[in-house]
Amino acid sequence: MKSHVLRPLFAFLGIVALILLARLVLVPKDFGAYDRGYMYSWHRLGNEEDWKNVKVKYQGKEYCKDCHTDKYDSIAKTPHKIIQCENCHGPAIDHPSDPPKLAIDKSRGQCLRCHYPLPYPSSGRALIKGIDPDKHNPDTECSSCHNPHNPMEGLR
Amino acid sequence: MITRRNFLKNTVTGIAALSLPLAAFEIVDPKKLMASEAKNPSKVRWVFLIDTYKCTGCGFCVKACKLENEVPYDTNVTRTWVERYVITKDGVNHADTPDNGGRDGFTTARMNRGMGKFEEIKKEDIDKAFFVPKLCNQCENPPCVQVCPVGATYQAPDGVVLVDRTWCIGCGYCIMGCPYGVRFFHPVHHTAEKCNFCYHRITKGLKTACVDACPFGARRIGNLRDPNDPVTKIIMTERVGVLKEEYGTKPQAFYLGLDREVK
């Protein structure tokens, strides 16, 4: 009489104990509700560090300055000075060790990002001079006539 | 015995005592005061400022974001994208975004109508047209975080909403919950993915990849807790708008020149 009533109870308690034990093992120690409580900051604290440790790939033009001084100085005198080196040359990452060479985007599309004429009023795009890519030397790379670091050099 | 002098004296003190508010008797506990101030001890609150007048739709921000944050380059998912709004004289809003989110910029006047369809709009018909970059708003009350059943997405003390890739179960509630549609599944990690203001860069004192890549200064990042931050000064003193204010999410990406057509 006694045992068959209590047996399911023991089984139930056993399952609860098992779940609690599994939780103890599986849930990281730093998991909890922080500054803003369960609704907004219930998380594993270590993940904040994980995100901080992601590798930086875009280094900015000051990173290029010391070795490529000539290019850095020449573009600084033209309207293209507002464009970061890495926008065309690709992310430096750990250049020159890794990667030793950067792949330059010389496509016409790269120039048309800004120089396809879209005369949109109240948009900055309307202020940039554009060309019709179907009429302005199609099938030719822009950089075969225009030096991207000084686009109108020798052409005026 | 009650004298007239005593009676008047007691009456005056009695009335004075009655007129004191109850709060005057409360003992101020400095620790409690400190605690209420320390509710958010962070000295940083990252915010974003987008100037839609300056944006030219070149898409360098999208390109830089994808490469910096290792979002597969040739997939159509992206943490940030650029929208184009063209409003014609008949009052119709023709908004579009290239399928790749504007990664290669806007190099045609044709509008993308989806499913491989395009629309030509005559120059003369345009009333106003402009570009609007979009990214995560890092809401003060992020609905995407509220719906996460496992605590995989959360708000960091500096306001940025992050996703724990080791903890995300891929249920997709957050993707449904975000009113701005900034979340998606990462094609490689198969977990929820979103813009995190380049957390690895801003915590090192750098700017986000998109801010650095923007040649026109249309994108800026700042710290709202620093009154001398130029971005904070603009947000505090100029006319800025936010997206979908009516949802109560308190978005922290502020826009200059926001039009009512922008959704």
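The values are calculated or read from the model by the stated rules, or taken from the named source; none is laboratory data. All figures in this text were calculated on a predicted structure; none of them were measured in a lab. Backbone-built Cβ (ideal geometry, glycine too); neighbour counts: all protein chains shown.
Restricting to the range A:24-52, give me the number of residues that are loosely packed, with under 10 Cβ neighbours inside 10 Å and either within 11 Å of another protein chain (Cβ to nearest Cβ) or in a helix (DSSP H, G or I) (or both).
4
Filtering the range B:105-147 down to residues that are farther than 12 Å from B:Tyr85 by Cα and of a type in the set (Asp, Glu), which residue is surrounded by the most Cβ atoms within 10 Å (Cβ to Cβ)? That would be B:Glu140.
Say we look at the range B:207-246 and pick out the residues that are assigned to a loop (DSSP other than H, G, I, E, B) and among the acidic types (Asp, Glu); which of these is surrounded by the most Cβ atoms within 10 Å (Cβ to Cβ)? Here the residue is B:Asp229. The number of residues in the range B:116-140 that are in contact with a strand residue (DSSP E or B) (Cβ under 9 Å, 6 or more places away or on another chain), in a loop (DSSP other than H, G, I, E, B) and of a type outside the set (Val, Ile, Thr) comes to 8. Every listed requirement among (1) at pLDDT 80 or above; (2) within 14 Å of another protein chain (Cβ to nearest Cβ); (3) within 24 Å of B:Val161 (Cβ to Cβ) is met by B:Pro72 save one, (2). One residue stands out in the range B:176-196 among those that are buried (at least 16 other Cβ atoms within 10 Å of the Cβ) and out of contact with any helix residue (DSSP H, G or I) (no Cβ under 8 Å at 6 or more places or on another chain): the one that is nearest to A:Leu26 (Cα to Cα), namely B:Thr191. Of all residues in the range A:86-112, those that are within 30 Å of B:Ala109 (Cβ to Cβ) and out of contact with any His (no Cβ under 7 Å at 6 or more places or on another chain) total 14.
The residue list A:Lys77, A:Lys55 contains one member that is assigned to a loop (DSSP other than H, G, I, E, B), surrounded by fewer than 17 Cβ atoms within 10 Å (Cβ to Cβ), at the interface with chain B (Cβ under 8 Å from one of its Cβ atoms) and in contact (Cβ under 8 Å) with a residue 12 or more places away in the chain, which is A:Lys55. One residue stands out in the range B:157-206 among those that are assigned to a loop (DSSP other than H, G, I, E, B) and of a type in the set (Phe, Trp, Tyr): the one that is nearest to B:Tyr247 (Cα to Cα), namely B:Tyr180.
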